Amino acid sequence: MPSERATNGACAVLFDLDGTLADTAPDLAAAMNLLRRDQGLEEIPLERVRPFASAGARGLVRVGFGVDPGDPDFVPLRDAFLEHYRERTCVGTRLFPGIPELLAALGARSITWGIVTNKATRFTDRIVAALRLEPACVVCGDTTPHIKPHPAQLQRAVEVLGIPASACWYLGDDLRDMQAARAAGMRAVAVQWGYHHPDSGDPGTWQADLVLDRPQDLIRHL
C-alpha cells in the first residue's frame, strides 16, 4: 500500500533513464559483446547482461570481464566499451511498454516530467533525440559533481523546474534511485520493470513510497 505521503498531488514526475524510462540494455549489451569479440571471447546472452545495465560502464565491464574499478584493466576496458557504445547508442534502445501512454497522460494533465540519470550527457542527449522525447529537464551523470545515490542531481532538477522537491515523484529501477529520492525530499517510486541490479535486492525492500507494476499504474496515484 502506498503511504499517505505518496498519494498527494504531484507537480512533476522525474524518471531514471536506463531501466525505467527506456530499455537501453540491448545496445549496452551489444557494445560489451563487441568488446568481448575484440578480446577473442564469446558473446554473453542479453538476459544475463540485462540486470547489470543500470550500472552503466562499471556494470557492463564487470559482467563482461570480471573487472571492477580499481583494477588496472578497468579504465582501458571502460574506455573501449564506451567507444563501442558511442557508435551504437540508439540502435535497439526503445521506451518500455506503457511509457508512451504514461507520458501522454502526464501531458494531458499538464504534469511536468523530466529525466535524471547517471548516464553521461553525450549518450543521454542522443537517446532523448532519437526517441523524440521532450522532457522539461535533463540532468545527467556529468551535470553535477555527485551522482546517485547522492541527491545532487535531483536537487538540480528541481532548481531547473522551479518547484519544491516535495512536489516531485522520482521513478527508478534501482535502490540508489530510492536513496537519492529520499535524500532529496522527493516521493520515491520503485518500478517492477527494468533491470534490478543483483546488489539492490527486490524493489519491495527499498522503502519506496510506492511500487509500480506497470507505468500506467502511476496515473491513479497522481
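Bear in mind that the values in this text are calculations on the coordinates, not laboratory data. These numbers were taken from a predicted model, which means no experiment stands behind them. Note that each Cβ is placed from the backbone with ideal geometry, even for glycine, and that neighbours are counted across all protein chains shown.
Sorted from fewest to most neighbouring beta carbons within 10 Å, what does the list T93, T205 look like?
Details: T93 21, T205 12.
Taking fewest neighbouring Cβ atoms as first place, the list is T205, T93.
Residue order for E134, E87, fewest other beta carbons within 10 angstrom first, comes to E134, E87. Arranged from fewest to most other beta-carbon atoms within 10 Å of their beta carbon, V138, V189 become V138, V189.
The slack between A129 and A108, meaning 0.36 nm per residue of separation minus the straight C-alpha distance, is 5.4 nm.
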